[in-house]
Structure formats: structure tokens, C-alpha cells
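One structure is given below, encoded as C-alpha cells.
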Amino acid sequence: MEEKIIIFDTTLRDGEQVPGCQLNTVEKIQVAQALEELGVDVIEAGFPISSPGDFNSVVEISKAITNPVICALTRAVKKDIEVAAEALQYAKKKRIHTGIGVSPYHIEFKIKTTPEEIIRRASDAVRYARKFVDDVEFYAEDAGRADNEYLAKVIEAVIEAGATVVNIPDTTGYCLPTDYGEKIRFLKNNVPNIDKAVISTHCHNDLGMATANTVMGVLNGARQVEVTMNGVGERAGNTSLEEVVMTLKSHKHLGLSTGINSQLIYRTSRLVSTLMNMPVQPNKAIVGRNAFAHSSGIHQDGVLKKRENYEIIDPVEVGVKESSIILTARSGRAALNHRLELLGYKFEKEELDEIYHRFLKLADKKKVINDEDIKILTGEVFQGEKALRLELLQVACGKSSVPVATVGLKINGEVHTSTATGNGPIDAAFTAVKQLINKTVHLEEFLIQAITRGSDDMGKVHVQVEHNEKTYYGFSANTDIVTASVEAFIDAIAKIK
Ligand code: KIV
Ligand code: ZN
């Protein structure tokens, strides 16, 4: 039986503290709904006393969300707790998250009090919060740098006062994974009433160890993890949701699972990145642009032989359609040939050698070789190799007439024609093409751009079609945009294997 790890998402509270990444209430609701769909258990919606905007966001998120617990942050201050309780009034499931600093730095230089006084204030805050809600989480701020014996006393006292979850933040991202793991184990073994509460991790990434620390916390007894999407958060950020979820999923032998629908990870990551105006670094684990991209020849060859040779996660598992092979000067023949096949070309060895030679020359000048470059490379050597080619296109359209198109396609050397009507000449021509190919394709995206400004200039057309849950891209340029559109459509279809 797998044990469940509770996913507490604080993208909308700790994550949103990043300068320049503030969201308005509507955007926060959008993120909260995406997190609910993703399957998070707890959403920390804000710090209600901090501003009327934050208060309002907690109210509106509480109304909009059904399944996850909605959590509001407070200091260990009565007024904060009252305001948080008010903001949570519409939440179906609610939690107050209160706490205070427990490290020597915080006690002496920030709060300027004594360790005993901290324990009293912590317990009072939890007791007071329990008057409003049944679910109270206590955070021992800067627990990462706190003395473990003292931390155990604080935790025992707050559980005694009614805390249901005890959060052990490595607020400054200081801990080594082994030290953080030991801290959690110490609390498990030395706090007499620890079984009455769930231990939570909350790690920051100042030394790049937030995920490692979180995982060590879980391996030593924590059962809730506090995370943000894309690892956004103060300074170097918080532990990233996707990294923890996929670590537990990839290491099944740990016997730990989450309620996250991992196939929605990529989509949620993009939403958060777009709304927060915070680009995801290309090499970010799981959700970075390069997370499933291979550019060295040896890796490309290995991935093409068997994806698992160089990938521990199937990109589909996190909602990325497929791994990508980036063609650069370091790519080998296998990768080039694979891309040529996807583009609908088939070449004998000598022909391939010749194209590869041209490819390397171009790749020395240009960092990444795209499909259009490849078509030019092949076009220079071979014409007419494609299995699918537009031979004829006639359209009739205009005001008060039904648009009609006749298309002639050369399929494996033989020309076939078909006529169809549509809501415009392009729609009619696409329908005629579809009648000629025995495949079901859905047009996902269609983009026409003028290359320059005059009416006699070239139009560039990009299309994206879907067939059996895979996406294929097509391109063409022509002074006649209907022809360019049909050619681009056929170009995409020709890549379907
Ligand atoms: O990092 C931290 O200590 C926090 C607490 C407020 C939970 O974000
Ligand atoms: Zn934090």
C-alpha cells in the first residue's frame, strides 16, 4: 500500500512574493482552479492581513474552489488570525497557518525576546486560531537554523495547543539534505505527541537544495510538502511541485504517492509562468524547454534507439507531447535521417551522406537547423521525392457564391482529384485534401503572415495538424495565399507516418 504525501501549494502566497510577479484576483482564481484540477490537496491562497487585495483574493478563491483545503497565512498575532478567519469564511475546507521565528537569529535579533516567550506566543496563537477553525498549521520560521532540542519543545507545545500540522521551514535554504532529514527524524523520535500532527516540509532554494531537502524530509517522516509551481518564490525560490511529484513517481520503490495528475504539470507550469511574467529557465527540471530535448549526436542516437536510454521520464507523463531532437552541428546522421523521415523524405545512403555534408556546413554557420532549412538542403539535391505533392488547385469564391475548390494530389506517383465546398476557399480546399487522404487529421493551428507589405508579396503559412494524438507541422510560402495554405496543410500531412 502506497502512503500518500499531501501536496500543499504555496504558489499564490510564498510564490507570489517574488518582485514583479504579483497577480490580480482574477489571475489568482485562474491559478487556483488550475491547481485544483492538477490535484493539489491544500492551496495557500494568501496572507489576508497584508493587504486588502490579498484579503479579497482569499475570499474569492475560497468561493471558487471546492476540493482542496484553502489556507491563509498569519503571524502569531490575534488580529492576523481574526482577519484570516474572516477571509476564509466561504471556504468549504479551511486552514489557518500561523507561526513565529524559532532560530537564535529570529528570537534575538528579529523578535528580540526569549525562547520561553516564543513558546508561549506560539501556543497562544495556535489556541486562538483553533477557536475559528479545526485545522491549524503552525510554522516554526527558520527551523532550518534552530536548535533541534529547542525546536522539539516548541513543536510539542503547539501540538498540545491544537496544531494539526507542524511546518518545519528551512526559511533561508541553509540546510544540507542530511541535516534537514535528521531534523525531521529528530522531531519524529523526540516529540512525545508528534503522532497527533502531520509534519510538513517547507524548503527554500538558496543553495539549490530545496527539492533534495524536501525529499529527505519525506524519507524521514514528513507527510506534507510545501511547494510552488516552477519553484517560484522569495529569492532563489521554493521547492518546486513538479520536481517532488516526479521524484516520488519515478522512485516507485519508496512507496510514496501524491494525488497529482502529472499529465497536467506542463500546462499548469505554462499558465503560472505566463500569468506571473516569469519565464521558466530552459534547463529547468521537468518543465524547462530543454527538459526533453536532445542535441548531442550520441544522445540523439541513443534516444532514437530507445527513449529510456537517455530519459527517465516519458514526456507524455508530464503533459509534454514528445521528446525533441534538436539538430545542431553535434547531431549525427541518425538524427538527421529521423527528421528527414518525419518530413516525409526517404533517402539512400549516398544521398543521405550528401545531405549530411551540406547539413554540417550549414550547422557551422547556424546554431539550430530547423525543418525549413532541411527542406532547402534536400531541395538542392533532390526534387520530387515526396510521397504527397500538390499538382492542381482551382478555387472559385466571391460575394454571394459558395466557395468551391478542386484539388489534385500526387499520391505515391499517381494524381487523384477531389472537389469540395467550404465556408471560404481555404476551408473548401482543405476539405478536398481530406477527401483524398485516408487519414483523420484535425487542424490545430493555422497562421498566415505576410512576408513584406505589398499585396503582390509572399504569404507565409504555418499549420499544425493532429493525427492519432500526435502533432505535425507544415509550412509553405507563396504569393498566392490559398496555394500556400494548401501546400502547408499537405506538408504537415506528408509527415504523418
Ligand atoms: O519560509 C518560511 O518560513 C515561510 C513561512 C511563513 C511558512 O514562508
Ligand atoms: Zn517560505
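Bear in mind these aren't lab numbers, they're just calculated from the coordinates by the rules spelled out. Note that the structure is a prediction, hence the values are computed from the model and not measured. When we count neighbours, we look across all protein chains shown, and the Cβ atoms used for this are built from the backbone with ideal geometry, even at glycine.
Convex hull volume of the Cα atoms in segment 293-377, per residue, in Å³? Numbers along the way, then the final one.
Working: hull volume 8.0 nm³, N = 85.
Residue-normalised Cα hull volume stands at 94 Å³.
Short version: ³J(HN,Hα) in whole Hz for each residue of segment 23-35, in order, from phi by Karplus 6.51 cos²θ - 1.76 cosθ + 1.60 (θ = phi - 60°), x for Gly and Pro, what are they?
Rounded to whole hertz, the list is 10, 8, 4, 4, 5, 5, 5, 4, 5, 4, 5, 5, 5.
If we sort 149-162, 277-290 on the protection proxy, mean other Cβ atoms within 10 Å, highest first, what's the order?
149-162, 277-290
Any chance you could give the angle, 0 to 90 degrees and rounded to 10, that helix 241-250 forms with the longest Cα principal axis of the chain?
On a 0 to 90 degree scale, this one is about 80.
Show me 39-51, 474-486, 113-125 ranked by packing, highest mean number of other Cβ atoms within 10 Å first.
39-51, 474-486, 113-125
Cα axis of helix 333-342 to longest principal axis of the chain: angle in degrees, 0 to 90, nearest 10?
The angle comes out near 70 degrees.
Enter the angle in degrees (range 0 to 90, nearest 10) between the Cα long axis of helix 425-436 and the first principal axis of the Cα atoms of the chain, meaning the one along which they spread out most.
80
When the helices in the chain are scored as -39500 (n - 2.57) per DSSP H run of 4 or longer and the sum is shared across all residues, what 222 nm value do you end up with, to the nearest 500 deg cm²/dmol?
-11500 deg cm²/dmol
Output the antiparallel fraction of DSSP beta bridges having both residues in segment 3-275, as a percent to the nearest 5.
On the way: 1 of 36 bridges.
Close to 5 percent.
Going by a ≥ b ≥ c, the root eigenvalues of the Cα gyration tensor, does the chain fall in the rounded group (a/c under 1.5), the prolate group (a/b larger than b/c) or the oblate group? Don't skip to the end; give the middle numbers.
Details: a/c = 3.17, a/b = 2.17, b/c = 1.46.
Judged from the Cα gyration tensor, the chain comes out prolate (a/c at least 1.5, a/b above b/c).
Quick one: compute the contact order of segment 388-494, relative version, from alpha carbon pairs under 8 angstrom and 6+ residues apart, as a percent.
20
Would you mind telling me the antiparallel percentage of the DSSP bridges in the chain, rounded to 5?
Given both bridge residues lie in the chain, the antiparallel proportion sits at roughly 50 percent.
Would you kindly derive the ³J(HN,Hα) couplings of segment 109-120 from the backbone phi angles with the Karplus curve 6.51 cos²θ - 1.76 cosθ + 1.60 (θ = phi - 60°), listing them in order in whole Hz, with x for Gly and Pro?
9, 9, 8, 6, 9, 10, x, 5, 5, 4, 4, 5
Past the 18 Å Cα-Cα mark, which pairs from Lys346/Lys497; Lys321/Lys434; Lys349/Lys410? Spell out each step's value before the answer.
Details: Lys346/Lys497 12 Å; Lys321/Lys434 24 Å; Lys349/Lys410 25 Å.
Beyond 18 Å: Lys321/Lys434; Lys349/Lys410.
Give the long-range amide H neighbours of His294: residues separated by 5 or more places, or on another chain, with amide H under 5 Å away, using H modelled in the peptide plane at 1.01 Å from N.
Hits under the 5 Å cutoff: Ser324, Ile325, Ile326.
Applying a 10 Å radius around every beta-carbon, put 225-237, 435-447, 8-20, 86-98 in order of their mean neighbour count, most first. Write down the numbers at each step before the final one.
Values: 225-237: 24.0, 435-447: 13.2, 8-20: 22.4, 86-98: 20.8.
Per-residue Cβ counts within 10 Å, averaged per peptide and sorted highest first, yield 225-237, 8-20, 86-98, 435-447.
Using each residue's phi in segment 276-288, evaluate 6.51 cos²θ - 1.76 cosθ + 1.60 at θ = phi - 60° and report the 3J(HN,Hα) Karplus result to the nearest Hz, with x for Gly and Pro.
Residue by residue, segment 276-288 yields 8, 6, 10, x, 8, 4, x, 9, 5, 4, 6, 10, x Hz.
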